[in-house]
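Participant: I have a structure here, written as structure tokens, and I will follow up with some questions on it.
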Amino acid sequence: MTQVLLNTLIILAAFCAMEGVAWLSHKFLMHGLLWKVHQDHHTGSPHTLQNNDSFFLIFAIPSWLFIMFGVMDGCDYKLYIGIGTTLYGIAYFFVHEVVIHQRLKFFTRSKNPYLVALRKAHKAHHKHLGKEDGECFGMLFVPMKYFQQKTNL
């Protein structure tokens, strides 16, 4: 296996693993121990930035450290893990802020079945204003039932 292929596989594996990390941290940290920080995302905030927006540090700092130490160690596997987690962070921002919550006003009328199902799943998550009884904690994986629903957003 060539080094380029191996590095690409590491990036893809890190990206995919981050969906599990996002799900776990959302369910057990954001809807658990750190609910007070995440709560304004469910109940709303009069400010442009929410307390919840600080969670990007939970992912950005380790990504940065993986990249930094990977470069310091001669561009080893840590660099490619950092690239994969950073790419997931970029995808998370785009999907969560642009597609789902539409904080930036483009992709507001997409009929793409995946994007519609993604928005439905996230809407189901937000119907719960408390930290209990949550559902759909992930970001990119959408349960099949949201592809089959015929509700409007």
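Participant: Scan region 106-127 and report the pairs whose first residue is at positive phi and whose second residue is surrounded by 19 or more Cβ atoms within 10 Å (Cβ to Cβ) and part of a helix (DSSP H, G or I), with Cβ atoms within less than 7 Å and a gap of 6+ or a chain change.
Facilitator: Cβ pairs passing all conditions: PHE107/VAL99.
Participant: Another question, then. For the subset of region 96-120 comprising residues that are outside any helix (DSSP H, G or I) and within 16 Å of the chain's Cα centre (by Cα), which member is surrounded by the fewest Cβ atoms within 10 Å (Cβ to Cβ)?
Facilitator: The extreme case among them is ARG103.
Participant: Just the residues that are free of Cβ contacts under 8 Å to residues at least 60 places away in the same chain and of a type in the set (A, V, I, L, M, F, W, C), please, taken from region 31-45.
Facilitator: LEU33, LEU34, VAL37
Participant: Any residue in region 17-34 that is outside any helix (DSSP H, G or I) and not polar (S, T, N, Q)?
Facilitator: yes
Participant: Can you name the residue in region 1-16 that is more than 21 Å from PRO62 (Cα to Cα) and assigned to a helix (DSSP H, G or I) and, of all such residues, is farthest from the chain's Cα centre (by Cα)?
Facilitator: Going through the qualifying residues, I end up with GLN3.
Participant: In this structure, is LEU140 surrounded by 13 or more Cβ atoms within 10 Å (Cβ to Cβ), in contact (Cβ under 8 Å) with a residue 40 or more places away in the chain and either assigned to a loop (DSSP other than H, G, I, E, B) or among the aromatic types (Phe, Trp, Tyr) (or both)?
Facilitator: yes
Participant: Between a residue in region 75-95 that is more than 12 Å from THR8 (Cβ to Cβ) and in a helix (DSSP H, G or I) and any residue that is among the hydroxyl-bearing types (Ser, Thr, Tyr) and at pLDDT 95 or above, which pairs come within a Cβ distance under 9 Å, given they are 6 or more apart or on different chains?
Facilitator: ILE81/SER63; GLY82/SER63; THR85/SER63; THR86/SER63; TYR88/SER63; GLY89/SER63
Participant: So in region 23-51, with the set limited to residues that are buried (at least 16 other Cβ atoms within 10 Å of the Cβ) and polar (S, T, N, Q), which one is modelled with the lowest pLDDT?
Facilitator: That would be GLN50.
Participant: How many residues, within region 72-127, are aromatic (Phe, Trp, Tyr), modelled with pLDDT of 95 or more and under 13 Å from ALA22 (Cβ atoms)?
Facilitator: Matching residues across region 72-127 total 1.
The values are calculated or read from the model by the stated rules, or taken from the named source; none is laboratory data. The shown structure was predicted, so the numbers you read here are calculated from the model rather than taken from an experiment. Cβ coordinates were reconstructed from backbone atoms using ideal geometry, including for glycine residues, and neighbour counts include every protein chain displayed.
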